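Where a number appears in this text, it was derived from the coordinates with a stated rule and is not lab data. Quantities reported herein were computed from a predicted structural model and do not represent experimental measurements. Methodologically, a virtual Cβ is constructed for each residue, glycine included, from the backbone with ideal geometry; neighbour enumeration extends over all protein chains shown.
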Amino acid sequence: MADEGRRDPYVGYNFRMEVDGVEVAGFREITGLKMTTEVVEYFDGDDVNTSVKKIPGITNYANVKCKRGISEGIDLYEWCKNINDQSREIERKDITINFLDSAGEPQKTYTLFEAWPCGYSLSDFNAAENALGMEEIEFVIEYFEVED
């Protein structure tokens, strides 16, 4: 018997990324989207059981790495380069990652707030290999939210 309310999970390869509402060239891989809340342990002074109590502490958001094939345009590289210009204010932007259904419509959205690039690297150039040239950009984020 078929479960009419069942929805298949979204496939990990069907996504689109935007920076401040502008779609950027397709990324092959996005990693590191993670939040962790520290645990603060304490004792109640009058607790006869002396058991440890636990409450949530500071929440940290990991850096996010985005990898794509090298193609035309240097907009993300320019953003990375401008971070080191001490005469400029840090240019923070919101990054949106949309998981798409088979028709290409957004089904789940991850918004990374106040992002700025903290790393940029290129894959090795090797004439003996048959591989794509890749660039990787690492972003610091303040926090992220998820929407259906």
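Helical content of the chain, expressed as a calculated mean residue ellipticity at 222 nm, amounts to -1500 deg cm²/dmol (DSSP H runs of 4 or more residues, -39,500 (n - 2.57) each, divided by residue number, nearest 500). Each residue, GLU142 and ASP46, gets one label point 7 Å from its Cα in the Cβ direction; the gap between the two is 4.1 nm. The charge dipole of the range 15-147, taken about its Cα centre with unit charges on the Cβ atoms of Lys, Arg (+1), Asp and Glu (-1) only, comes to about 260 debye.
The phi torsions of the range 19-24, fed into the Karplus equation with coefficients 6.51, -1.76 and 1.60 and a -60° offset, translate into couplings of 10, 6, x, 10, 5, 10 Hz, rounded to whole numbers, with Gly and Pro shown as x. Working from the Cα coordinates of the range 15-147, the gyration tensor eigenvalues give, after taking √(5λ), semi-axes of 37, 19, 16 Å in decreasing order. In the range 15-147, a dipole from Cβ-located charges (positive for Lys and Arg, negative for Asp and Glu) runs towards its positive end, and of ILE70, CYS80, ALA115 it is ILE70 whose Cα lies farthest in that direction. Residues whose amide H lies under 5 Å from that of GLU91, counting only those 5 or more places away or on a different chain, are absent; hydrogens are built 1.01 Å from N in the peptide plane.
In this simple spin-label model, placing a label point 7 Å from the Cα along the Cα-to-Cβ direction at both MET134 and THR59 gives a separation of 3.0 nm.
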